[in-house]
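Written out below as structure tokens is the structure these notes cover.
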Amino acid sequence: MRFDVGQIGNLRPIVNRPFSPIARAPWLPTMKQEEIKLVKTGRLPIGRRVPLCPTMVAIIFITRSVALHAAETPKQPVPFSHKQHAGDLKLACKMCHPNPEPGERMTIVGTAACMQCHSAIKTESPAIQKLAALDRNKRPMPWVPVYAVPSFVDFSHKVHTSKGAICQDCHGAVAEKNELARESDLSMGGCIACHKQKEAPIGCTACHEQKE
Ligand code: HEC
Ligand code: HEC
Ligand code: HEC
Ligand code: HEC
Ligand code: HEC
């Protein structure tokens, strides 16, 4: 099986990821096909050849990697704090992130689980009133994703936690944070760096499938 690096069109969406509502966090820049072609071949999509200027290539890569890996703090619909809930109150991660079978996604519990406490705690807070209103109308809280891999990447939480990986390996010191930001490198380079270190597979087909 041959892989053409730089041709996303060749990678098949991994079909067994049923809960994937988005391909990736929307504020992360995607490298466009044209951009990849330009960098790899020095050819613009219209077919005109441009001189491959090393400085320009370096600038594209540096700005992209800074944008991809800088800590982004998305604004959430209510100011939920992990420091308060997982830190101070010492609630277990799996209470709110139960990892249902087949184990690919951790998931975030619905408003009903929050209301077990918040029907009585902080009921005067506007954030809790918003939570309560959504719960009454059986509407989900529109949480903004922090971490996401594109649909052509195979990723399963259970595969990792069953081999002893802990949440902090990939998500950092969550229980100390009021607001979560994408702080670890879970781009292809970051995945492969850990795979090399732990002697996990690094062949392309470990994480991607090629289109027929
Ligand atoms: C085990 C009980 C418990 C559960 C479950 C729980 N919380 Fe809380 N929550 C608390 C406590 C205690 C506080 C802190 C109250 C205080 O500051 O006095 C709090 C504070 C908050 C606040 C800050 C309110 C403010 O205005 O200060 C928000 C927002 C919040 N929780 C949202 C949620 C959401 C969303 C869920 C479900 C995913 C949830 N909570 C689940 C106990 C809980
Ligand atoms: C009381 C419920 C609760 C507990 C306990 C809790 N979380 Fe969360 N978690 C949430 C909610 C609500 C969100 C969505 C809002 C946000 O991103 O802050 C979330 C978001 C996350 C995300 C980002 C998800 C995404 O969209 O990319 C990670 C990672 C995470 N939690 C890890 C943890 C870890 C690790 C622990 C244990 C140390 C933990 N959580 C404990 C409720 C909880
Ligand atoms: C090997 C790295 C790794 C480990 C270990 C890990 N995560 Fe994740 N997590 C990710 C990646 C990558 C994503 C984005 C997944 C996607 O888009 O399908 C993610 C997404 C999430 C999400 C939001 C989307 C979803 O899957 O529901 C939550 C919540 C979350 N992780 C919580 C946790 C908790 C809690 C733990 C510990 C029990 C944990 N993670 C352990 C890498 C990891
Ligand atoms: C903290 C280290 C770590 C990180 C980060 C990590 N992995 Fe892994 N991964 C492992 C380990 C360890 C295994 C288990 C290898 C084994 O089965 O012995 C594994 C296994 C896998 C497997 C199963 C491979 C197979 O054929 O059995 C896939 C797929 C995978 N990881 C994808 C990813 C992706 C995608 C990312 C980045 C989003 C990622 N991993 C990040 C450590 C990591
Ligand atoms: C351990 C998992 C893993 C392995 C092994 C892996 N990849 Fe990836 N790959 C990823 C992840 C994760 C992304 C998404 C990166 C992002 O969103 O920043 C990705 C993205 C890509 C992309 C899209 C590039 C872009 O800019 O969006 C291509 C093309 C690709 N991989 C090809 C390959 C090839 C060829 C190999 C073998 C040499 C390979 N991958 C091996 C995890 C992996």
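Brief remarks on what is shown
- Filter pass, Glu183 being acidic (Asp, Glu), out of contact with any His (no Cβ under 6 Å at 6 or more places or on another chain) and exposed (fewer than 15 other Cβ atoms within 10 Å of the Cβ): no
- Sole exception among (1) under 26 Å from Lys90 (Cβ atoms); (2) among the basic types (Lys, Arg); (3) at pLDDT 95 or above for Arg182, by number: (3)
- Test: residue in the range 157-175 that is in a helix (DSSP H, G or I), more than 17 Å from the chain's Cα centre (by Cα), within 15 Å of ligand 1 (Cβ to nearest atom) and hydrophobic (A, V, I, L, M, F, W, C): yes
- Filtered residues of the range 175-209 (kept if touching a strand residue (DSSP E or B) at 6+ places or on another chain (Cβ under 7 Å) and more than 9 Å from ligand 5 (Cβ to nearest atom)): Glu209
- Candidates Ala86, Ala92 - the one that is at pLDDT 95 or above, surrounded by 14 or more Cβ atoms within 10 Å (Cβ to Cβ) and more than 15 Å from the chain's Cα centre (by Cα): Ala86
- Residue match in the range 122-142 (condition: within 12 Å of ligand 2 (Cβ to nearest atom), closer than 28 Å to His195 by Cβ and either β-branched (Val, Ile, Thr) or in a helix (DSSP H, G or I) (or both)): no
The values are calculated or read from the model by the stated rules, or taken from the named source; none is laboratory data. Keep in mind it's a predicted model, so treat the numbers as computed, not measured. Neighbour counts run over all protein chains shown; Cβ positions are idealised from the backbone, glycine included.
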